[in-house]
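Since the structure comes first, as structure tokens, the remarks are kept for the end.
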Protein chains: 2
Amino acid sequence: MGEFDLIARFFTRPVRHAALGVGDDCALLAPAPGMQLAVSSDMLVEGRHFFADVDPETLGHKALAVNLSDLAACGARPLAFTLALALPCVDEAWLQGFANGLFALADQHGCELVGGDTTAGPLNICVTIFGEVPAGQALLRGGARAGDDIWVSGRPGEARLALDALRGQMDLPAATLARLRARLERPTPRVALGLALRGLASSAIDVSDGLLGDLGHVLKSSRVGAEIDVHITTDLLASGALQESAKGIFDAETMMPCALAGGDDYELVFTAPAARRAAVQAASSASGTQVTRIGRITPAPGLRLLDRTGQPLPGRFASFDHFA
Amino acid sequence: MGEFDLIARFFTRPVRHAALGVGDDCALLAPAPGMQLAVSSDMLVEGRHFFADVDPETLGHKALAVNLSDLAACGARPLAFTLALALPCVDEAWLQGFANGLFALADQHGCELVGGDTTAGPLNICVTIFGEVPAGQALLRGGARAGDDIWVSGRPGEARLALDALRGQMDLPAATLARLRARLERPTPRVALGLALRGLASSAIDVSDGLLGDLGHVLKSSRVGAEIDVHITTDLLASGALQESAKGIFDAETMMPCALAGGDDYELVFTAPAARRAAVQAASSASGTQVTRIGRITPAPGLRLLDRTGQPLPGRFASFDHFA
């Protein structure tokens, strides 16, 4: 199967919003008047971002999900994406599975494939995504202010627990592993939450590298510091695990590094003025996305990890770098 | 060097036109009112699109050039691009060379880097480019009409001659090889010509896979056929080679497949009404880009290759498939 047949068979669908989709030298997009176009690219490489034997449908989902997550973190509404795909061989069953996973998630978000490229080469997936956001309303990293609350969606650390278990570094009950593995392999981009936080959150970022590491980008851009109530993040992670009565496995020592530094969750970390707590909860309800307040922004730079009593964590847990 | 240091050192420059550049979850672009955004992605893989030992500056040039060429083929003005880069290792000298080649060409076209991704992995370069074009004025593949002239810029086939020589399948004088190698490795995207052809060309495409193959996409989209005056394309290719007195090497048998089916030239093939010949020549002059009329669009489908007397080429040269 040649490149053009492959594109025609697996990756060409009529566009409904774009002015022009797959099949010419360029796609044509026309953002609505007053809208800015939000753009992000993520490249996924075998062995680094996914296991070689990953289910292709799952991979199709994830390739788009990580890009949708970037739009979510900006409060942008998904519009369209391009797909560049390097394939070691043309495996029709694999391509069909990949396309199914990709388009299922795309359809959920009304986000359409408008172009891209296919070539022979080591497996590599590069999606570039486009969303729109009213001019001046994008959620950026530089807007956090002293006194703002720090919030997080979902339960960061679940993807890392799954990764540790799949690598044989941890034993998990089958039901727990199945649930956590879905968090790792089929993350839910928090698009609805990002939209609900427009005009409300002072800053936002998605958790791809780890909660503290990604929050660090916000602190640096905003020139502020933060205190994190560590027990809230570990309790949050444990609360999910408890659903499967796997309580015994999940001690704080195991939880803490996963919650604070585990990557690949694609949850949102965001800040909002303390006076807007009710509005944040309303945004959470409206978007059907759990959010939890885990700390606060401080004028003093740096990141302080506090224990249950509000005191700095002792010894080796006190250092942000330990987790980064 | 970590991902963030690498991006900061080699790939972060202040943006002048985009609303937001490298460093947040998304870049923000704001097309001017009445403009459509033209979008294209091209992925370059080692061994397939470039030799492993290619000069990194040359590679940086080519990675952007092939994308600029897609904008040229749509008549879009370059605005911005994203770069996703998988690197087997962090080689600072290589990165500096690559960035130099990339930004030198970007600056020529006022096209700025606004975002992207870097990761470890087999060398892979994926650029997604953005241009703008007044709504409804993009040069598309589907607009060719019976009676239109078929034009081509530059001298298609030169990149293929260089490739054959570099593969040891042809001997070339050193000066000729140097000139043709530059055509292969540092193609000139015909952006100025594309802009000059707005409102004039009825269709356009860039020559990445070969003159006849790419023209075939136009014929299919436009539901028309074409006659090509083969001697004009071969004479055109030979006329460049003659500059180095390499005449003896370039017989028609060698020239024809290169001119008709050689890829990687990134010239434009376009159609325009016969009544607009003077305007096409004026666009050529205004953009400083040589163009040559090589045939005409016919109502009958299919592609006919004609000899110097206007008769169909005999035998094995008559078939389009032979070259595709």
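The values are calculated or read from the model by the stated rules, or taken from the named source; none is laboratory data. What you are looking at is a predicted structure, and each value in this text was computed from that prediction instead of being measured. No Cβ is skipped: glycine too gets one built from the backbone with ideal geometry, and neighbour counts run over all protein chains shown. Please note that ligands, DNA and RNA were not included when accessible areas were found on the heavy atoms of the full protein model with its side chains. Shrake-Rupley method; radii C 1.70, N 1.55, O 1.52, S 1.80 Å.
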(message) I need the calculated FRET efficiency for the pair B:S239 and B:A275, taking r as the beta carbon distance and R₀ as 41 Å, to the nearest 0.05.
(response) 0.90
(request) From other protein chains only, count the Cβ atoms within 10 Å of every residue's Cβ in B:126-135, then give the mean. (result) 5
(message) Could you sort B:R145, A:R183 by their accessible area in this structure, using a 1.4 Å probe and putting the largest first?
(response) B:R145, A:R183
(message) Let's test the formula: R0 of 30 Å, r as the Cβ-Cβ distance of B:C89 and B:A192. What FRET efficiency results, to the nearest 0.05?
(response) 0.20
(request) Go through A:T309, B:T271 and list them by solvent-accessible area, largest first, probe radius 1.4 Å. (result) A:T309, B:T271
(message) Can you report the principal axis dimensions of segment B:3-134 using only the alpha carbons, biggest first, rounded to whole angstrom?
(response) 44, 30, 22
(request) Would you be so kind as to list the residues of segment A:17-58 that have their accessible area lowered by at least 40 Å² in the full protein complex compared with their chain by itself (1.4 Å probe)? (result) A:D24, A:D25, A:C26, A:L28, A:L29, A:Q36, A:L37, A:V39, A:S41, A:M43, A:V45, A:R48
(message) For segment B:158-265, report the % of Cα-Cα distances exceeding 22 Å.
(response) 36 percent
(request) At 1.4 Å probe size, with no ligands or nucleic acids counted, give the accessible surface of B:W151 in Å², nearest ten. (result) 10 Å²
(request) Sort shortest first the distances from A:T12 to its counterpart in every other copy, using label points 7 Å along the Cα-to-beta-carbon line, and give them in nm. (result) 4.2
(message) Would chain B count as rounded, prolate or oblate if I go by the C-alpha gyration tensor, calling it rounded below 1.5 in a/c and otherwise prolate when a/b exceeds b/c, oblate otherwise?
(response) oblate
(request) Give me the distance between the Cα centres of segment B:86-105 and segment B:185-209, rounded to whole Å. (result) 27 Å
(request) Just the number, please: carbon plus sulfur as a percent of the accessible area of the protein assembly as shown, 1.4 Å probe, no ligands or DNA/RNA counted. (result) 51 percent
(request) Could you do me a favour and compute the accessible area per residue for chain B, 1.4 Å probe, result in Å²? (result) 38 Å²
(request) Enumerate the aspartates and glutamates that B:K220 could reach by cross-link, defined here as Cα to Cα under 12 Å, with residues fewer than 8 away along the same chain left out. (result) A:D24
(message) Run the simple label-point estimate for B:A252 and B:Q137 please: 7 Å along Cα→C-beta, distance reported in nm.
(response) 4.2 nm
(message) Need the per-residue list for segment A:60-75: every residue with at least 30 Å² less accessible surface in the complex of protein chains than in the chain by itself, probe 1.4 Å, sorted by number.
(response) A:C74
(message) With a 1.4 Å probe, what is the total accessible area buried between chains A and B, in Å² rounded to the nearest 100?
(response) 3900 Å²
(request) Please give the length that would be gained between A:R308 and A:D5 if that part of the chain were fully extended, namely 0.36 nm times their separation in residues minus their C-alpha to C-alpha distance (nm, one decimal). (result) 103.1 nm
(message) How large are Rg and Dmax for the protein assembly as shown when calculated on the C-alpha trace, in angstrom?
(response) 27.1, 94
